[in-house]
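Data first, discussion second: the structure below is written as structure tokens.
The values are calculated or read from the model by the stated rules, or taken from the named source; none is laboratory data. On a predicted model such as this, the values are computed, not experimentally measured, just so you know. Because the Cβ atoms are built from the backbone with ideal geometry, glycine has one as well, and the counts that use them run over all protein chains shown. When the accessible area is computed, the model is the full protein with side chains, heavy atoms only, and any ligands, DNA or RNA have been set aside. Shrake-Rupley method; radii C 1.70, N 1.55, O 1.52, S 1.80 Å.
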Amino acid sequence: MPVPRLQFEGISKEFPAVRALSEVSFSVGAGEIRGLLGENGAGKSTLLRILSGVYRPTAGSVLIDGKPVTLNNPVAARAAGVAMIHQELQQVPQLSVAQNMFLGHPLTRGAIFVARREQERRAAEALAAIDPTIDPAAPLGSLKVAQRQIVEIARALLDRARIVAMDEPTSSLTPSEFERLAEVIAGLARDGVAVVYVSHKLDEVFGICQRATIMRDGVVVGSVDLAQVSEKAVVSMMVGRELAQEQHRSHASSEVRLSVRGLASATKVHDVSFELHRGEVLGIAGLVGSGRTELLRLLAGADRASSGMVEIDGKAIKLSSPRNAIAAGIGLVPEERKREGIVPLRSISNNMALASMGVFAPRGLIDHTRLKRVAAEKMKRVNLRPFLLDRPIRLFSGGNQQKAIIGRWLAAGTRILLFDEPTRGIDVGAKAEIYHLIEELAAEGHSVIVVSSELPEVIRLADRVLVMRDGTVAAELDRADLNEQAIAAHAIPQSETQAGKAQGHRAGA
Amino acid sequence: MTDITEHTAARPMAEFLHRFSVRDAGTLIGLVVILAVFGALVPGFFAERNLINILQQSSINACLALGMTLVIISGGIDLSVGPTAALSAVISASMLVAGVPFPLAIAAGFAIGLVCGLLNGVLVAYVGLQPFIVTLGTLSTYRALALIYTGGNPVLGLPAGFRAIFNGSLFGLPLAVIIVAVVALIAWIILKKTPFGEYLLAVGGNEEAAYIAGVPIARTKIAAYMISGLLAALAAQILIGRLGAAEPILGNLWELDAIAAAAIGGASLMGGKGSVVGTILGAVILGTMRNGLTLMNVQSFYQLLATGLIILAAMLIDRVTRGRG
Amino acid sequence: MTDITEHTAARPMAEFLHRFSVRDAGTLIGLVVILAVFGALVPGFFAERNLINILQQSSINACLALGMTLVIISGGIDLSVGPTAALSAVISASMLVAGVPFPLAIAAGFAIGLVCGLLNGVLVAYVGLQPFIVTLGTLSTYRALALIYTGGNPVLGLPAGFRAIFNGSLFGLPLAVIIVAVVALIAWIILKKTPFGEYLLAVGGNEEAAYIAGVPIARTKIAAYMISGLLAALAAQILIGRLGAAEPILGNLWELDAIAAAAIGGASLMGGKGSVVGTILGAVILGTMRNGLTLMNVQSFYQLLATGLIILAAMLIDRVTRGRG
Amino acid sequence: ADLAPLNSDTEKDRIDWSQLEAKFGAFPKLPDGTKAGAVSKTLTNEYWRSLGEGYKSFGDRVAVPVVYQAAQSEGDQLGQLTIAEGLVTQGYNVLLVSPQTDSNLQPIMEQAKAANVPVVNVNDAVIPQAEHYVGNVQRDNGVRVAKWFIKNRPDGGKVAIVEGQAGVYAAVQRTDGFKSTITEAGKFEVVASVPGNWDRQTSYDAATNILQQHPDLIGFYANNDGMALGIVEAVKAAGLQDKVAVFGTDGISDAYASIRAGELTGTVDSFPVLTGEVALESALRLVAGQKLPRVVATPQALITKDNADRYSGAGDAVRKALLEDAAAGN
Ligand SMILES: Nc1ncnc2c1ncn2[C@@H]1O[C@H](COP(=O)(O)OP(=O)(O)OP(=O)(O)O)[C@@H](O)[C@H]1O
Ligand SMILES: Nc1ncnc2c1ncn2[C@@H]1O[C@H](COP(=O)(O)OP(=O)(O)OP(=O)(O)O)[C@@H](O)[C@H]1O
Ligand SMILES: [Mg+2]
Ligand SMILES: [Mg+2]
């Protein structure tokens, strides 16, 4: 048997109070695309961060082509032939796309000046494989999340590395972008690169990987040949139990809770009208950039509407700030968790309580006992892991941060919940929990809007779906008419429909 | 299951850390080291009288530093505390000299502090200017107003009754020290126990997220600057009570001492972090140092050197006790 | 297809904005307004001689502010520029007076600036202390060293030959202005054209991302502080050339002017943002203001008031021209 | 009994330094172990260091140890108060203080009184409750320079003032003395009175601007010598050294050097060393139980190239010259 390209040997990593990895060992051959699967907090990112020199292991070693390597910092890792796409976008918004891609090892002229043109040309080449429309000279901050993620991928491709580690590279990407990425990855593998691919989207992993290594609570529970096992089997290895396949159940009543008429923003949303019922889950589908996030922000009071009116329970309300919206019973679980969701240095409990401080402080002083009790209760409900309510939220995995944000609105007694991509970066187990949670909320009489680019998610959850296109509601589909083709047909602007048809099962966005 | 036992075991420890953080312990160690050094070098350093002196001499800076801490936690900075104090002082004082009843004159002084803070806060929160540069601008502006108002002259002859308010003693402790201790307690309660404290930490920690969570960003910031202004006015009252006169140039460079105290105490100028206990310890460290150096009769150039080095040393000690990151 | 034509069409515009940003245009408008106001109020304000005066008087602050801009872009701040300049000045000057050849004495002054910056940088980058508090500490330390070195006395009697180096004229422009213009050009090239400039922006913009990308964080920060120290030393040489004497108390409050210039010019104290052109314009705005107010013989209290208000006004104008956010 | 607030410039209960010995006899014997504590404004200005030298030289002469401390910078009011409080607690027999402002050392007066320690306010800022003051008349600094202009520039002309830190007592008084005296004379016009903040560079820039606008200016008055020396450079740079007279205040050694070199026209020397000697002498006389008048006035003199040598010799020579002046009544 040939020497594996990449070998982890007994890797352990301890953080204060948490053992993130224990004795992780497995190897990846040259030209292999290895899936790395596990629930939130299983330790996938930690392992890859060790591989890319960001963390140092507490014990164990990494071997490349059979030789132990010291990966003390990102530069050493790069020198050893490792390129990595990080889960959290690691970019400098003030610099241009090309500058970001060459950051840390710029191309120079005469060893003094940055060869800007040359960088932009090479960046454009690398980007072309996935999204040729990204302008390498544009400031990175002006790009949308999805485009930024593509830049991050393209950056890793520049390095001509022997090992490419991808930590949820597609969390913001559309299926068509994923298709192109899949081709790129296959190309890498043909060239003998070892690829480690982390994703919570099992269909992607099944689509491009030969084998997958599955982790749970910091240990490897096994490596499987994906051709031999079912998704269900993999999932049960990940979560340690069988996940029941749940069916959609509707709790919608006829009582109109929220009524939106002619809502528009100055920029992206035009004349949106719809009704939301008590106990209803309303899905919003559409292409990336169709204005869904913007619509939710209007409803959450985060942006100001330029016209239109909103009624709750028949009473017109003004949504001039998130405070107003919250008072009216509306809460937003935002799309970009790190930027808009969490206060990194504060604990889980405090992050949870932020929107309902008034409730916890009826006489001016915060009742910490009550706050702790409610936090414990809500966090148990969302199954926070590890269950450390006083730990700063920044030390939790993305999925668990998301749970805390959902808990925030549960604690605030919100009646209308707006979810923007609620399961982005969230594992199958937690995803099922969140779906379940959303249903429970609906059953309790909450009204829910879910924006999602994953059509199966929309179909799984929604009683009714609005399809948005270019800032307007292109169609409203009832449960009976819900299927991916129907949504796609309305979401994609007519001229592109032809091209869009080609994309089979998940032709979503 | 294991999760639950684990976390209940971890609870009391976490609770304790919550109340007296590692960071504050680091600052405390810094203070103890400095006290020990001076105690060894200066005879009579630990005399009760001298210790009270240190507290009294630290009280004004502590008062300002508490306000500064709140502003810093909210992600801002207030360079205008000295001139705010001066403006408040000269206006209160001239009312007192004109025979206005004490409560009214004091209230006027506090009102000035609040208005100065309000202006800073509005420029930062509503207009969206950088706090450093806003308060750099008002630093000059408020000072100029104080000078113009008095024509540059001190306001002398404050009534003895007024001076007694801020200048007395209670249980052997100077009133100024007691007042500042009460202020510190209130600040601690605000930060740890009230929604406003939580809002400050959230706004400084991640403004965008705080906004989405319904935190009243602008009001929180403005309130922080107003508290800072109010405490500057309080410091001014204490000082003019002590001095018996109010000068328009009072409060020169106060901002640097206040920032130093807050920073030594663990406030991060990036926002979202800071501690009332730490700030008080920071102010006492600075006060102790001055007192000790004077008692050792260190020449002023070397005192300046020592001031610089001790600020650096305090930060280093803190860094070491707390570990990296 | 359409996409491609679109983005190539957008390129030249983006290029242009890249070179002279909207933000710089805002600062320029601020300057023009101030010039117009003084031009209307002060006869002879636009005399060539006076305009040269303004440039000359702005040159020292501009020199410091350029270094400050780089430090601010890297996410730091350097409060110690004044004392660094003082230390460099008195050491150069005493060597000159002792008869050391000019180049050696000047080099020694520059070396002092570099060492002061190095210390700041190491404490910030390797030890991980907060820049504000590190340079607050070294602010006292370096000043104390300058005072101790000279015993508090100015160093007088600098050789005329030395003074001519920094004090002459070329093509009718004072050499100081030309030197600072060259420095500005170099700073612009560094920021826009070299990897180091990118590293500065990256470190200040997102330190973690920069670290992961392999940017040498520590070296980049240290270099920024060293450049700031070096430019403080250069400012010191220009100043002692002009005054013919080096005082240990030279450079008092220089840091505030330098920060004000950088901030007016668009640097964000949160890091990752700043412009060489803007900073130069900011320094000229402040210089114009001083010059104009002096020529109008505004009384000192009102000059102080005007200084404060104009800093605020400059920021407001900028805010309006640039729009929210 | 409440004392009226002190105004050192006008107080009636005063004596000239030259009369001390005549009125109160030879220096008395002091209690054993007498030691004096002194607090100055700052040591960053030669004036205050010279004052300390005066304390020390007189202390050495009568075998009294003197501790001389200073705030870390000019304007550090609370720091100075801390220092002074430290000295009170340490049990010095007499305190000599030169306050940063009129009021920042006020609490010392009470603490010292409680500890039965006399306090002498030496120069510059004036504590209203001070029972003892030794120093010169601040206003007179400006007046003397104004008189020089009136005498030596009979045709009058444009003059300018460069002021110290806004709001500081000495700066206000000196500026006012100059301005009112020269304006009263009629032929002069004060075209500018701008802040120099005790700073050489600021003064240089201010002077450059003023000269450019008023090339026909005939003179500058600066509130201290450091600023005056900055102005001299500006005047030289403008090529006007023959036309513009520049005066400073304090009489630091650099000013003397510059006067001798023909650059600075003059300065008002207030003889800090001598002032220090007189102040300590007065303070120790108080310790010995003598009742001195509230104000002991110390000398000052306008120094120009003509008389520079007379006032710049060793301590005793200057003392003699000044005693002669005093006897001559100016
Ligand atoms: N810097 C840190 N300090 C302390 N604990 C950490 C740190 N980084 C990660 N952890 C903890 O280590 C564990 C593993 O986290 P990791 O991010 O590797 O999980 P993951 O498998 O990538 O999860 P996700 O799918 O949500 O990205 C989690 O419990 C997390 O809270
Ligand atoms: N930072 C930005 N700079 C420029 N344009 C932006 C930015 N963010 C969003 N946009 C534009 O605003 C439009 C609406 O974006 P929005 O995020 O609301 O869409 P969305 O349907 O929610 O997409 P997504 O699924 O990515 O969240 C997009 O067409 C995009 O071009
Ligand atoms: Mg992860
Ligand atoms: Mg979106």
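Summary table
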read-out	value
Hits in segment C:273-289 (condition: assigned to a helix (DSSP H, G or I) and either within 7 Å of another protein chain (Cβ to nearest Cβ) or open to solvent by less than 20 Å² (accessible area, probe 1.4 Å) (or both))	C:Val276, C:Gly278, C:Thr279, C:Gly282, C:Ala283, C:Ile285, C:Leu286, C:Gly287, C:Thr288, C:Met289
Conditions (1) aliphatic (A, V, I, L, M); (2) touching a residue at least 60 places away in the same chain (Cβ under 8 Å); (3) surrounded by fewer than 24 Cβ atoms within 10 Å (Cβ to Cβ); number of the one not met by C:Ile186	(2)
Unique match (being closer than 30 Å to A:Ala30 by Cα and either surrounded by 19 or more Cβ atoms within 10 Å (Cβ to Cβ) or modelled with pLDDT under 85 (or both)) among A:Val260, A:Val239	A:Val239
Qualifying residue in segment A:179-196 (condition: within 16 Å of ligand 1 (Cβ to nearest atom) and either buried (at least 23 other Cβ atoms within 10 Å of the Cβ) or of a type outside the set (Lys, Arg) (or both))	yes
Matching residues, segment A:269-289, being charged (D, E, K, R), closer than 17 Å to A:Gly314 by Cα and either within 16 Å of ligand 3 (Cβ to nearest atom) or surrounded by fewer than 24 Cβ atoms within 10 Å (Cβ to Cβ) (or both)	A:Glu275, A:Arg278
All strands (runs of 3 or more DSSP E) inside segment A:258-317 with 2 or more residues being closer than 24 Å to A:His248 by Cβ	A:272-277, A:281-286
Residues of segment A:128-144 satisfying the condition of being more than 12 Å from chain C (Cβ to nearest Cβ) and either within 16 Å of ligand 1 (Cβ to nearest atom) or open to solvent by 30 Å² or more (accessible area, probe 1.4 Å) (or both)	A:Ala129, A:Lys144
Residue selected from segment A:376-409 under the condition of a type in the set (D, E, K, R) and more than 13 Å from chain B (Cβ to nearest Cβ), by the criterion farthest from ligand 2 (Cβ to nearest atom)	A:Glu377
A:Lys44 being within 16 Å of ligand 3 (Cβ to nearest atom), farther than 21 Å from C:Asn206 by Cβ and modelled with pLDDT under 95	yes
Among residues of segment A:110-123, those that are more than 9 Å from chain C (Cβ to nearest Cβ) and either without any contact (Cβ under 8 Å) to a residue 24 or more places away in the chain or open to solvent by less than 40 Å² (accessible area, probe 1.4 Å) (or both), counted	9
Elements of type helices (runs of 4 or more DSSP H) contained in segment D:1-105, each with 1 or more residues being within 14 Å of chain B (Cβ to nearest Cβ)	D:46-61, D:77-89
Which numbered condition A:Ala412 fails, given (1) within 30 Å of A:Thr170 (Cβ to Cβ); (2) facing chain B (nearest Cβ under 10 Å)	(1)
Residue among A:Arg292, A:Arg337, A:Arg297, A:Arg363 that alone is open to solvent by 10 Å² or more (accessible area, probe 1.4 Å) and either over 29 Å from the mean Cα position of the chain (by Cα) or more than 16 Å from ligand 4 (Cβ to nearest atom) (or both)	A:Arg363
Of all residues making up segment A:64-91, the number that are within 15 Å of ligand 1 (Cβ to nearest atom), within 11 Å of chain C (Cβ to nearest Cβ) and either open to solvent by 40 Å² or more (accessible area, probe 1.4 Å) or among the acidic types (Asp, Glu) (or both)	2
Residue identified as of a type in the set (A, V, I, L, M, F, W, C) and either without any contact (Cβ under 8 Å) to a residue 12 or more places away in the chain or not in a loop (DSSP other than H, G, I, E, B) (or both) among C:Leu269, C:Leu250, C:Leu239	C:Leu239
Any hit, segment A:412-433, residues being within 26 Å of B:Gly204 (Cβ to Cβ) and aromatic (Phe, Trp, Tyr)	no
Pair list, Cβ < 8 Å and 6+ apart or interchain, from segment A:175-198 residues that are more than 18 Å from A:Leu158 (Cβ to Cβ) and of a type in the set (Ser, Thr, Tyr) to residues that are in a strand (DSSP E or B) and away from ligand 1 (no atom under 16 Å from the Cβ)	A:Tyr197/A:Ile33
A:Leu158 being away from ligand 3 (no atom under 16 Å from the Cβ) and either more than 14 Å from chain B (Cβ to nearest Cβ) or over 30 Å from A:Leu103 (Cβ atoms) (or both)	yes
Residue, farthest from ligand 1 (Cβ to nearest atom), within segment A:446-467, restricted to residues that are open to solvent by 10 Å² or more (accessible area, probe 1.4 Å) and either outside any helix (DSSP H, G or I) or over 25 Å from A:Glu39 (Cα atoms) (or both)	A:Arg464
Filter result for B:Leu96 (of a type outside the set (D, E, K, R), more than 14 Å from chain C (Cβ to nearest Cβ), within 30 Å of A:Ile342 (Cα to Cα) and in contact (Cβ under 8 Å) with a residue 60 or more places away in the chain)	no
Members of segment A:415-439 that are within 14 Å of ligand 4 (Cβ to nearest atom) and within 14 Å of another protein chain (Cβ to nearest Cβ)	A:Leu418, A:Phe419, A:Asp420
Qualifying position, being more than 20 Å from the chain's Cα centre (by Cα), part of a helix (DSSP H, G or I) and closer than 30 Å to A:Phe102 by Cβ, among C:Ala187, C:Ala218, C:Ala223	C:Ala218
Given (1) open to solvent by 10 Å² or more (accessible area, probe 1.4 Å); (2) farther than 19 Å from C:Arg143 by Cα, index of the condition C:Ser94 fails	(2)
Output for segment B:99-148, where each listed residue is part of a helix (DSSP H, G or I), more than 13 Å from chain C (Cβ to nearest Cβ) and small (Gly, Ala, Ser)	B:Ala105, B:Ala107, B:Ala108, B:Gly109, B:Ala111, B:Gly113, B:Gly117, B:Gly121
Restricting segment D:280-330 to residues that are out of contact with any Ser or Thr (no Cβ under 7 Å at 6 or more places or on another chain) and among the hydroxyl-bearing types (Ser, Thr, Tyr), the residue that is most open to solvent (accessible area, probe 1.4 Å)	D:Ser312
Where C:Leu316 falls short, out of the listed (1) free of Cβ contacts under 8 Å to residues at least 40 places away in the same chain; (2) outside any loop (DSSP other than H, G, I, E, B); (3) touching a helix residue (DSSP H, G or I) at 6+ places or on another chain (Cβ under 8 Å); (4) open to solvent by 10 Å² or more (accessible area, probe 1.4 Å)	(3)
Those residues of segment C:243-272 which are open to solvent by less than 10 Å² (accessible area, probe 1.4 Å) and touching a strand residue (DSSP E or B) at 6+ places or on another chain (Cβ under 9 Å), in sequence order	C:Ala245, C:Ala246, C:Pro248
